[in-house]
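Below is one structure; the comments refer to it alone.
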Amino acid sequence: MSAEITGVTANSPAAKCGIKSGDILEAINGHKISDVLDYMYYSSENTVTLLLKRDKKHLMLKIRKSEYDDIGLEFNTFLMDKKQSCCNKCVFCFIDQMPEGMRDTLYFKDDDARLSFLQGNYVTLTNLKQEDIDRIIEMKLNINISVHTTNPELRCKMMNNRFAGEKIDFLRQLSEAGISMNCQIVLCPGLNDGDELCRTLTDLGNLMPNISSVAIVPVGLTKFREGLYPLTMFDKEGAEKAIDIIEEFQQKFLREYGTRLVFPSDEFYLKAERPLPKADFYEEYPQYENGVGMMRSLYDEFFTALDEQENENIRRDISIATGAAAYDMISELAAAAEKKFGLRCRVYKIINHFFGETITVTGLLTAGDIISQLEGKELGTELLLSKSMIIHDGDLFLDDYTISDVEKKLGVKLRFAENDGGSLLDAILGR
């Protein structure tokens, strides 16, 4: 495979040796280039020899540079290739539970191992062939894997893919080669919980020390499940049982490996009505992006930042809109800020009518629900929202409202805070 060069960075090694936009990159140091991983890996050396094609003629150009410095080539896409889409139809897939009529990009299911290495995405392994695993091992790429279960038959059932069970052997190959893996399990009542969860955690423990961490998150169900596999949500008792199993394995792993290794997401503690663990429980927060320890981290960061502030009266009247899951905690943080600074900070719980009331996380709230539930309410001079509601740091909510649309509808300025306590306090204080 080859890739057309669409641009050359000014003053880069590539520019200095005369490479032009429109040239075709065919090989680096004798290795054919199929995508961005090949390009990054084989161009990392101090001296690289490029095989190019220009106007039907082949050119060999040698570049000398510092190790790992980029050559300076640009391509049509980040991956130099199309994203690989998911070939599964998992019984718990959130995208299959979305309503019709949303923008096309929201329905794309990626399952691309290259994005796992480059951006931290999780992959199921079902798209990978043996040569892909060999390349991961050769390049020593760490990878994030959606495991769900190590029972081959159950894995085929949960993913609706007859190859899903046999691909679990790739975990063993990667572990034996010393590849570090973060894993995740979407836990579904009556499917991969209970004894099946014990089996999966036992199998993953046997791959130590090359399993870096395991996140366990409860299945999320929207109201759009007509015709899909019959799943149920975790109730209080089910969440308690799941936590008990996980904590038993945590103690085992802590004794044997010095790490808890496996962590339940915050939602399990909320459903079980148990207090969130302290910060040291989460070690280095390896599964933060999976909602593991996110609320504890936000809470601690907020009060650390609050303690560092001088007492002062701040004339400010604002509101915060948040999802049901975080409402109680955000209310506590807002009350602490009010007490210290004398400002006014209302907190509104937004119920997710768009996806269904069972979806309680703030990041899946839509502008339509925010508008309908806050119209006519006292909002003050600003409405604070989590930046996780906005798609890819842009201007759009999930339902295609823009920030200005919401501001016009509610007659208030929006301010967005990152998902950390210091940023939330800054937003409350208007900084």
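The values are calculated or read from the model by the stated rules, or taken from the named source; none is laboratory data. Computed from a predicted model, the values in this text were never measured in an experiment. Cβ sites come from the backbone with ideal geometry, for glycine too, and all protein chains shown count toward neighbours. When the accessible area is computed, the model is the full protein with side chains, heavy atoms only, and any ligands, DNA or RNA have been set aside. Shrake-Rupley method; radii C 1.70, N 1.55, O 1.52, S 1.80 Å.
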For this session: Choose one of LEU343, GLY363, LEU374: the residue whose Cα lies farthest towards the positive end of the charge dipole of the stretch 307-380 (beta-carbon charges +1 Lys, Arg; -1 Asp, Glu; about the Cα centre).
Result: LEU374
Exercise. Residues with beta-carbon under 14 Å from that of SER213, excluding SER213: net charge, scoring Lys, Arg +1 and Asp, Glu -1?
Worked result: -2
For this session: Apply 1/(1 + (r/R0)^6) to the Cβ-Cβ distance of THR358 and ARG199, taking R0 = 22 Å, and write down the FRET efficiency to the nearest 0.05.
Result: 0.20
Problem set entry | the stretch 289-431 - percent of accessible surface contributed by carbon and sulfur, probe 1.4 Å | 46
Seminar exercise, completed: Applying a 4.7 angstrom Cβ cut-off across the chain, unpaired cysteine residues come out as CYS17, CYS86, CYS87, CYS156, CYS183, CYS188, CYS198, CYS345
Problem set entry | SER34-TYR285 pseudo-label distance in nm [points 7 Å out on the Cα-to-Cβ vector] | 3.7
For this session: In debye, nearest 20, what is the charge dipole magnitude of the stretch 289-431 about its Cα centre with +1 on Lys and Arg Cβ and -1 on Asp and Glu Cβ, if you could check?
Result: 480
Exercise. Against the longest alpha carbon principal axis of the chain, how many degrees, from 0 to 90 and to the nearest 10, is the axis of helix 195-205 turned?
Worked result: 50
Exercise. Quick one: length gained pulling LYS109 to ASN142 fully straight, 0.36 nm per residue minus the C-alpha distance?
Worked result: 9.7 nm
Exercise. Using the alpha-carbon centroid of each, what span in Å lies between the stretch 211-241 and the stretch 367-431?
Worked result: 28
Problem set entry | Counting DSSP beta bridges with both ends in the chain, the antiparallel % (nearest 5) | 40
Problem set entry | Sequence of GLU301, GLU226, GLU26 when ordered by accessible area, the most exposed leading, probe 1.4 angstrom | GLU226, GLU301, GLU26
For this session: Any chance you could look up the accessible area of SER175 with a 1.4 Å probe, heavy atoms only, rounded to 10 Å²?
Result: 10
Exercise. Given labels modelled 7 Å from the Cα in the Cβ direction, how far is it in nm from LEU118 to HIS58?
Worked result: 2.7
Exercise. For the chain, what does -39500 (n - 2.57) per DSSP helix run (n ≥ 4), summed and divided by total residues, give at 222 nm, in deg cm²/dmol to the nearest 500?
Worked result: -9500 deg cm²/dmol
Seminar exercise, completed: Given Cβ charges of +1 for Lys and Arg and -1 for Asp and Glu, the option among CYS183, SER21, VAL123 whose Cα lies farthest towards the positive end of the dipole of the chain is SER21
Problem set entry | Rg over Rh, two decimals, the stretch 359-431 (C-alpha only, Kirkwood Rh) | 0.94
Problem set entry | ILE24 accessible area, assembled protein chains, probe 1.4 Å, Å² | 40
For this session: Give the peptides 131-143, 111-123 in descending order of average Cβ contacts within 10 Å, highest first.
Result: 111-123, 131-143
Exercise. Each residue of the stretch 155-165 in order: what ³J(HN,Hα) in whole Hz does its phi give by Karplus 6.51 cos²θ - 1.76 cosθ + 1.60, θ = phi - 60°, with x for Gly and Pro?
Worked result: 5, 4, 5, 5, 9, 6, 9, 5, 9, 4, x
Exercise. Can you list the residues, at least 5 places off or on another chain, whose amide H is less than 5 Å from the amide H of THR6, using H built in the peptide plane?
Worked result: GLY22, GLU74, PHE75, ASN76
Problem set entry | Label-point separation, ARG255 to SER404 (7 Å along Cα→Cβ), nm | 6.3
Exercise. Quick one: if the Förster radius is 41 Å, what FRET efficiency do GLU226 and ASN313 give, using the C-beta to C-beta distance and rounding to 0.05?
Worked result: 0.15
Exercise. So how strong a dipole does the stretch 198-257 carry about its Cα centre when Lys and Arg Cβ are +1 and Asp and Glu Cβ are -1, to the nearest 20 debye?
Worked result: 140
For this session: At most 16 other Cβ atoms within 10 Å and a DSSP loop assignment: could you name the trypsin sites (Lys or Arg not before Pro) in the stretch 41-74 that fit?
Result: LYS56
Exercise. In what sequence, highest mean first, do 27-37, 185-195 appear when ranked by Cβ atoms within 10 angstrom?
Worked result: 185-195, 27-37
For this session: Quick one: angle between helix 236-257 and the longest Cα principal axis of the chain, in degrees between 0 and 90, rounded to 10, please.
Result: 50
Exercise. So if R0 is 22 Å, what FRET efficiency would SER372 and LYS413 give, r being the distance between their Cβ atoms, rounded to the nearest 0.05?
Worked result: 0.70
For this session: Show the residues, 5+ positions off or on another chain, whose built amide H is closer than 5 Å to the amide H of SER44.
Result: none
Exercise. Hey, if you drop one equal point scatterer on each alpha-carbon of the chain and run the Debye formula without solvent, what base-10 log of I(q)/I(0) do you get at q = 0.10 Å⁻¹?
Worked result: -0.86
Problem set entry | Total charge dipole magnitude, the stretch 94-157, about the Cα centre, Cβ charges on Lys, Arg, Asp, Glu only, Debye to nearest 20 | 160
